[in-house]
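The values are calculated or read from the model by the stated rules, or taken from the named source; none is laboratory data. All values reported here derive from a predicted model rather than from experimental measurement. Here the Cβ is made from the backbone with ideal geometry for all residues, glycine too, and neighbour counts use every protein chain on show. What goes into the accessible areas is simple: the full protein's heavy atoms, side chains included, and nothing from ligands, DNA or RNA. Shrake-Rupley method; radii C 1.70, N 1.55, O 1.52, S 1.80 Å.
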Amino acid sequence: MQRLTDLGTRFFQMPAAEKEKAAFGQVGYEGRHVYMPERVQWVETLALVTGPDPNLEDILRVTCADYREEFIATVNEYIQEIQRVGLVLLELMAESLALEKSFFSQHFEKNSTSVTRFNYYPPCPLPSVALGLFPHADPNCITILNQDDIGGLQIRKDGRWISVRPLKDTLVVNVGDSLQAWTNGHFKSVEHRAVLNSVKPRLSVVFFYSPYAQAAMAPPLKLVDECHPLLYRPFTWAEYFPRMQKKRMEGKVGIDTFMRLDHKEDSPT
Ligand SMILES: O=C(O)CCC(=O)C(=O)O
Ligand SMILES: [Fe+2]
């Protein structure tokens, strides 16, 4: 893990012009020191597609060969391990809902969709008027987040922001919007944001895990009854994700806008 964060940090320490060469459409490098209406967003990200068709080689082609090889090997090693963690979590979540153990995980096992994103938050001279990441819920199924010891992640609970204090060798797991819909609202996705400090840079490595693109995410009948009417229509990641990408939305609204059965405007584009 230390190797992964060291190598990730080295990427962000490259000159800005070099990093810009790793921009790659919706993924790759993005530097966001941009003024938004109310607050400045202050973060640099490096998003690598890690499944099903990894594009690490393409994105990192601008970096020197030794570094690139070590970085890619380390990310791949990490992905192998973190996927195993993800599968176990999905199995436990299914069991906790009295479903077949493999109810979710079977759609991830052979083939899954994942992005691994490095978020680098440089020290910010005015942290109170800026945010690292605006409030959002992740669109995927589960997110496994690895943060260093600086702190900055906050989740919204009952309308209040609560800091997720870093604990050594501890992963943070977030439920994403897709799993909320897939479980008919039994698991709730968590709204979260990243705040900044003026002293030290912070790095998080975030694994966004979803089933293979064509897997139908349809709530099991066991989770639908009179008290829990069907909330979302079945959908696939291939259908949902492009909609989310087109419409950058703040807060926790994406899944309800696109997939909720009782949502009024069904014209997402
Ligand atoms: O850096 C963090 O703690 C939050 C990252 C996050 O929410 C994301 O990348 O979606
Ligand atoms: Fe997130």
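Some notes on this structure:
- Any hit, region 74-87, residues being farther than 16 Å from ASN55 by Cα, touching a helix residue (DSSP H, G or I) at 6+ places or on another chain (Cβ under 9 Å) and assigned to a helix (DSSP H, G or I): yes
- LYS222 at negative phi, surrounded by fewer than 16 Cβ atoms within 10 Å (Cβ to Cβ), part of a loop (DSSP other than H, G, I, E, B) and not hydroxyl-bearing (Ser, Thr, Tyr): no
- Filter pass, GLU30 being modelled with pLDDT under 95 and surrounded by 12 or more Cβ atoms within 10 Å (Cβ to Cβ): yes
- Of everything in region 90-127 that is in a helix (DSSP H, G or I) and crowded, with 19+ Cβ neighbours inside 10 Å, the residue that is nearest to the chain's Cα centre (by Cα) is LEU90.
- Candidate set: region 150-175, residues that are among the hydrophobic types (A, V, I, L, M, F, W, C) and not in a strand (DSSP E or B); chosen: the one least open to solvent (accessible area, probe 1.4 Å): VAL164
- Taken as a whole, the structure leaves SER189 outside the set of residues that are open to solvent by less than 60 Å² (accessible area, probe 1.4 Å), closer than 16 Å to LEU90 by Cβ and outside any loop (DSSP other than H, G, I, E, B).
- Region 128-149, residues that are in contact (Cβ under 8 Å) with a residue 12 or more places away in the chain, more than 8 Å from ligand 2 (Cβ to nearest atom) and open to solvent by 30 Å² or more (accessible area, probe 1.4 Å): VAL129, ASP148, ASP149
- In region 72-90, the residues that are over 14 Å from ASN146 (Cβ atoms) and among the polar types (S, T, N, Q) form Cβ pairs under 8 Å with partners that are part of a helix (DSSP H, G or I) and open to solvent by less than 50 Å² (accessible area, probe 1.4 Å), at six or more places apart or across chains, as follows: ASN76/LEU56.
- Taking (1) at pLDDT 95 or above; (2) open to solvent by less than 30 Å² (accessible area, probe 1.4 Å); (3) within 12 Å of ligand 1 (Cβ to nearest atom) in turn, TRP182 satisfies each apart from (3).
- Region 97-118 residues that are farther than 30 Å from ALA23 by Cβ, paired with ones that are open to solvent by less than 50 Å² (accessible area, probe 1.4 Å) and of a type in the set (D, E, K, R) (beta carbon under 8 Å, 6 or more apart): LYS101/GLU91; SER102/GLU91; PHE104/GLU91; SER105/GLU91
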